[in-house]
1. Which value in nm describes the separation of the simple spin-label points at K99 and E215, placed 7 Å from the Cα toward the beta carbon?
2. Taking a ≥ b ≥ c as the square roots of the eigenvalues of the Cα gyration tensor of the range 234-293, is the shape rounded (a/c under 1.5), prolate (a/b larger than b/c) or oblate?
3. Rank by packing, highest mean first: peptides 56-66, 237-247, with packing defined as the count of other Cβ atoms within 10 Å averaged across residues.
4. Put a dot 7 Å past each Cα toward the Cβ at E117 and N291; how far apart are the dots in nm?
5. Explain nothing, just compute: Karplus ³J(HN,Hα) = 6.51 cos²θ - 1.76 cosθ + 1.60, θ = phi - 60°, for every residue of the range 167-173 in order, whole Hz, x for Gly and Pro.
6. Any chance you could run the full-extension gain for R258 through D271? It's 0.36 nm times the residue separation minus the Cα-Cα distance, nm to one decimal.
7. Quick one: grab the alpha carbon gyration tensor of the range 198-287, order the square roots of its eigenvalues as a ≥ b ≥ c, and give me rounded if a/c is under 1.5, else prolate or oblate depending on whether a/b is larger than b/c.
8. Taking a ≥ b ≥ c as the square roots of the Cα gyration tensor eigenvalues, with a/c under 1.5 meaning rounded and otherwise prolate when a/b beats b/c, else oblate, which class fits the range 285-328?
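Taken together, the values in this text are just the output of simple stated rules run on the coordinates, not laboratory data. Since this is a predicted model, take the numbers as computed values, not measurements. Cβ atoms come from the backbone with ideal geometry, glycine included; neighbour counts cover every protein chain shown.
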Amino acid sequence: MSTSNNNNISKLNLKNNNGFGKNSNIFDMVAGTPNNIFDPYDICYGEKRSNQDINDSIISLLNNISNLYPLIIGFFTVFFEKPINSTIDKESLNNIIEKMLKSDNSTQEKSLKTSKEWIKTCIGLMMTIYENSNDLKKLLFEKKDKLLNSNYKKHEFGETRHILETNIEKLEKSIQDLLIHLSNSLENIHENINIYFESIFIYIAFIHNVDLLWEVYDIDPILITGAKKSDRLSDYNISSFRERLHVFISSFLKDVGRTSEKTMLNSCWNDMYKVLGEDLILYPQKLIIFNELITNTDRATGLKQFILPEINNQNYIFRFDAKYLGNDNENNKLKDYITNCYGMSLYGNERSCGGDKLQFILESKIMKFISIRLYGMKNENIDNININIFNCDDNKPQQLVDQDTIKPLTLQLSNYLPSKNNLNTNSVGFTNTKKIKISNVKNLIEINFNGNDNKKYFLYFIEILVSYQKQ
């Protein structure tokens with residue numbers, strides 16, 4: 001981001017400080033264990049994450065908060081060696097805020113439209129985050145010896161569970177209050193987009209930390225998994241940390257999407273695609289993005305070919321842009337800036353005629369379970385999408401393995417589309433198939449778009465949700 005301070009970024013590079021404490025066996029015991037309970041896409045099952053992977057993930061998140069990192073850095077350094085002492089006061093925070101408000105890449109000097117009262121409110125909310133973060137840090141340091149002792153009986157530590165949960169709840173609520181304030185200030189988003197961007201990453205980093213180390217913090221499991229009143233686990237509905245993060249990320253993307261014409265020149269858009277990938281509901285496993293310059297072509301069928309990676313039976317999500325399935329006509333490709341993907345437009349026709357059809361080869365060396373997820377812009381005249389999977393191994397007759405018919409949109413993400421055309425009535429989001437077993441090396445995937453004549457569906461990318469067992 002244009003307002004980044006290189007010294008700040010270097011301070012956040014916790015990897016240079018050896019990451020997690022070498023004597024901390026708590027991470028060998030619980031850190032990285034998948035949260036298997038709340039799993040809408042049925043892909044959370046998998047191996048524990050390594051300490052290095054956890055460390056790199058936290059570093060990556062914190063490095064997106066290049067200006068406002070002092071607000072929560074104390075909380076994040078509790079379980080790292082050589083904690084960073086970073087202090088801030090209202091005066092220094094005011095300077096940071098004003099600097100960020102002026103970083104809209106404008107070549108002309110102009111006065112801020114953002115009022116002093118708004119800035120004062122913003123600073124007040126941020127100082128509350130800072131104070132709650134340090135309070136939680138102090139409490140965690142007081143209990144650190146017990147937290148890091150794997151032999152310590154959980155029931156003996158139970159009397160402090162409520163204190164920890166209350167302080168975590170206070171910190172989360174203060175971050176949410178800041179995000180709500182920013183969401184209510186879209187009239188000047190061209191000035192505060194940097195603040196909004198870093199603030200959503202503050203919340204992302206907080207939720208990732210708590211969701212990952214919930215056993216370390218001795219948080220009641222029902223607060224991690226969530227519960228519905230109908231589950232008989234609770235007398236009322238309880239949203240999980242992941243569900244709340246999903247709600248705020250979705251709200252953020254809708255806000256920046258519908259105001260993108262005011263902010264597109266801001267450098268934070270270079271990193272905007274990172275936000276969606278941190279949604280723990282949509283991306284509970286590692287996202288692998290295909291970004292090769294040249295795609296392979298299957299000799300037998302002449303179709304584009306994608307090979308699913310093999311990573312030690314670890315579940316993952318494999319994504320490739322829809323542009324790879326099109327021809328070389330650039331006029332048919334469309335960029336989605338929120339995901340940094342290049343898509344293509346497809347036409348739906350009456351079922352009797354058949355709409356546009358996409359085909360590609362998906363190669364897998366061993367048996368897997370997959371769900372195919374599409375991200376695109378729904379047009380009200382596209383009725384459904386039919387997906388067929390055929391066995392097309394060499395020297396074998398082509399046979400239908402499985403099929404599914406899905407709605408063009410089941411989870412709305414935004415109504416965003418960077419175009420001169422007025423397409424605000426359309427919605428951008430996800431839809432996915434059921435879980436399907438593939439046992440063949442080569443599989444032909446066929447996607448048919450059905451609907452009224454000459455109506456477009458914009459497909460931005462295709463994801464293959466891979467798992468190695470059926471839950």
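1. Label at K99, label at E215, 4.2 nm between them.
2. Taking the square roots of the gyration eigenvalues as a ≥ b ≥ c, the range 234-293 is oblate.
3. Ranked by mean Cβ neighbours within 10 Å, highest first: 56-66, 237-247.
4. Once both label points are built, they end up 4.5 nm from each other.
5. 6, 5, 5, 5, 5, 4, 4
6. 2.9 nm
7. It is prolate, given that a/c is not under 1.5 and a/b is the larger ratio.
8. Cα axes put the range 285-328 in the oblate bin.
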